[in-house]
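Read-outs: derived from the displayed coordinates by stated rules, not from any lab. Just so you know, these numbers come straight off a predicted model, no measurement behind them. Quick reminder, even Gly has a Cβ in these numbers, built from the backbone with ideal geometry, and neighbours come from all protein chains shown.
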Amino acid sequence: MPGADIFAYLGFFGYLAGALICGAAAAWIYQAGDRERQDRTAALMAALFSGLWCVLAAASGPQSPVTGFVEAARNLAFIALIFRLFANDGRDESLKPTRALIFALAFVQLMQPVLLIVDQRFSVTPAITTLTFEISALLHLLVSIGALVLLHNLYAGAAVAARKILRWSTLALTMVWAFELNFFMIAYLMGEQSGLLLALRGLFISLAMAFLALGSNASGAGLQFRPSRAVTFQSLSLLVIGSYLLVMVLVTRSLVVLGGDFARVSQVVFLLAAIAAAALWMPSKRMRGWLRVTTIKHLFQHRYDYREEWLRFTRTIGRGTKAGASFHERAVKAVADITDSPAGLLLVPNEEAQLELEARWNWATLAVPAIAAEYELSGLLEQHCHILDLDEARNGIDHHGETEQVPNWLVEAEDAWALVPLVHFDRLVGVIVLARPRIERRLDWEDFDLLRVVGQQLASYLSEQTGQQALMEASRFDEFNRRIAFVMHDIKNLASQLSLLARNAEKHAENPEFRSDMLVTLRNSADKLNALLARLGRYGSGQSNTRREIDLVDLAKQIAGRFRGGHQISLTRQESALIEADAEGLEQALIHLVQNAVDASDASSPVYLDVSNNGAQGQFDIVDAGSGMSPGFVRNGLFKPFVSSKQGGFGIGAFEAREMIKAMGGRVIVESREGVGTRFSIIFSLSHVTRGLAGEDIQSNEVA
């Protein structure tokens with residue numbers, strides 16, 4: 001039969017490899033095994049007899065009489081090894097019932113050579129042959145069961161320190177006798193030995209001998225088999241695939257038994273359905289995630305492999321995963337990977353402790369407002385370092401009063417799963433918003449512990465980056481101030497020279513008309529230079545001394561008039577809003593912001609100016625439909641000196657505009673999306689509100 005030939009070839013090479021491995025194991029035990037161990041001689045004899053058995057099985061066949069005799073000697077060596085393993089901790093002297101069982105097993109095993117002789121000499125009829133075979137199989141089963149019972153008592157009754165010595169030897173013998181038990185049980189039930197199991201017998205014994213050699217010295221005995229989670233997941237995947245194939249084979253073979261056309265049709269339908277199910281579910285991320293969660297839950301003490309998680313975290317932060325990913329995007333990914341979250345956000349506090357969007361990772365569809373959360377939530381997260389489970393917040397479960405502070409956009413976003421605060425030295429430097437994993441589960445104590453530690457580490461990285469940026473800005477400011485000092489010195493000298501020239505010309509010029517023109521020109525130049533000098537001298541002081549009441553609507557009309565004939569500027573709402581500010585400085589700041597909007601827009605796309613009044617504040621909006629800006633640039637580049645998106649730009653205009661508006665008591669809010677456009681909102685308190693607050697301050701001082 002072709003199958004028998006395959007098994008014969010497989011068995012020959014298996015027994016040949018087994019002989020080599022058993023010989024190597026015997027050499028290892030003899031050379032490297034601990035010489036003071038009680039089981040050393042028995043282990044050496046077991047390896048030698050196993051190697052000899054493999055040689056004879058390969059040479060004359062596994063069912064030959066001579067192979068059977070050596071097999072009996074091998075099994076007696078295994079039984080002797082079990083007894084000597086009891087002697088490693090002195091139990092051979094105290095466990096007398098064990099000796100009786102050992103002797104009984106040895107006696108039963110000695111019956112095998114007798115049965116072999118009977119089979120060779122007296123099996124003249126098929127009935128005698130069958131009877132001899134069944135008795136031999138039953139005796140093998142008895143020996144296997146007795147040996148497994150002894151091994152169980154050996155390891156279960158050993159002290160913790162002794163188990164380290166017994167671990168690998170016990171595993172090797174358990175493999176041997178468990179295989180023998182199944183081999184002879186199938187042989188007894190089928191009436192003949194399985195060809196496949198007979199072919200695999202040599203490889204299985206050789207593997208057991210390798211484990212026996214590993215446990216023969218102290219260093220090997222101390223080893224523990226601790227497969228990584230990756231190996232475990234891959235092994236389980238192979239097990240699932242193998243089980244799937246086995247079910248397919250069993251079902252199709254069962255359908256064949258039915259016979260007829262119905263069986264063939266059913267077989268084809270089942271195969272097609274099974275293949276379709278495998279094609280749909282095997283590549284599924286959800287299925288792989290379910291397998292991973294189930295494996296961790298039932299096979300490991302902890303959910304996370306902390307070493308692997310920390311290595312992945314540092315790799316992601318240090319190098320990133322793809323070209324162009326910013327540090328803040330990598331920070332979000334590093335935390336999201338821990339919980340298998342498919343997306344995430346990074347929110348950072350602004351100057352008023354409100355949370356603003358800093359970066360997105362795989363979450364472009366979620367609409368985040370300009371002010372993502374108010375300062376109350378920032379203060380709560382900073383104070384308690386509490387990882388916020390958004391599902392609990394949606395269900396009204398409150399721990400520190402956080403339920404009322406969670407913004408509506410997070411509550412309404414069903415994919416939003418958790419908020420991880422990033423706290424460094426009791427200061428909140430950011431918040432990570434994690435998306436819900438593909439496999440639905442709840443956050444537990446291990447998630448909280450790991451995310452809290454990772455959040456603290458990530459907060460230190462963010463703080464370090466912020467400190468480096470501040471140092472770089474300070475260095476460039478020093479350079480800028482030195483340059484300005486030289487410019488001021490030169491302008492001051494030029495202004496003095498022009499003033500002197502004007503005075504001399506006033507005295508010595510002969511032509512009255514020429515003198516008059518020269519005086520006008522020189523005096524205008526001197527005035528402009530002195531004005532520039534005064535402006536440079538008060539740069540950065542943050543004060544404005546020429547405030548008056550102005551209407552934002554009038555200012556919007558003036559700015560639109562300045563751009564008439566160029567880019568289209570459209571006025572939308574024109575609600576009167578009286579504020580107190582420096583008209584010249586505010587106009588200059590707004591013109592700069594409008595010019596930026598014009599530069600970012602197409603020639604055919606207008607820029608809109610919108611003035612609104614809510615009764616307490618006036619708001620001046622500049623809206624364009626240009627290229628837009630990323631959250632990272634809005635946060636880190638737009639209002640940073642020396643950072644410009646324009647070719648050759650110095651990067652000081654937007655910073656100066658915001659500082660001038662802040663000096664007048666206003667504030668600037670920016671909302672921008674790449675490819676959509678940008679909105680600059682300049683907000684001032686109305687003049688009557690400002691005067692009312694000032695009057696309250698005066699009354700408070702008078703009372704005090």
Give the residue list of chymotrypsin sites (Phe, Trp or Tyr not before Pro) in region 110-197 that are DSSP loop and have at most 12 other beta-carbon atoms within 10 angstrom. PHE122
Order of SER576, SER604 under a 10 Å beta carbon neighbour criterion, fewest first: SER604, SER576
In whole Hz, with x marking every Gly and Pro, tabulate ³J(HN,Hα) for region 443-458 from phi via Karplus 6.51 cos²θ - 1.76 cosθ + 1.60, θ = phi - 60°. 5, 10, 4, 6, 4, 4, 4, 5, 5, 5, 5, 5, x, 5, 5, 5
Take every Cα pair under 8 Å in region 306-460 that's 6+ residues apart, average their separations, divide by the length, and report that relative contact order as a whole percent. 22 percent
Please say if region 306-460 is rounded, prolate or oblate, where rounded means a/c under 1.5 for a ≥ b ≥ c the square roots of the C-alpha gyration tensor eigenvalues, and otherwise the choice is prolate for a/b larger than b/c and oblate otherwise? rounded
Step through the residues of region 357-371 one at a time and calculate ³J(HN,Hα) from phi using the Karplus curve (6.51 cos²θ - 1.76 cosθ + 1.60, θ = phi - 60°), rounding each to whole Hz and writing x for Gly and Pro. 5, 9, 7, 10, 9, 6, 9, 6, 7, 7, 7, 10, x, 4, 9
Taking all pairs of distinct alpha-carbon atoms in region 548-693, Kirkwood radius in angstrom: 15.5 Å
Given H placed on each backbone N at 1.01 Å, which residues far from ARG667 in sequence or on other chains put an amide H within less than 5 Å of it? ILE683
Once you have the Cα-Cα distance between ALA470 and THR546, take 0.36 nm times their residue separation minus that, and quote the gain in nm to one decimal. 24.2 nm
Amide H contacts under 5 Å for GLU674, restricted to residues at least 5 apart in sequence or on another chain and with H modeled in the peptide plane, are MET629
Percentage relative contact order, region 548-693, counting C-alpha pairs under 8 Å, at least six apart: 25 percent
Search the structure for amide H atoms under 5 Å from the amide H of ALA343, placed 1.01 Å from N in the peptide plane, and list their residues when 5 or more places away or on another chain. ALA435
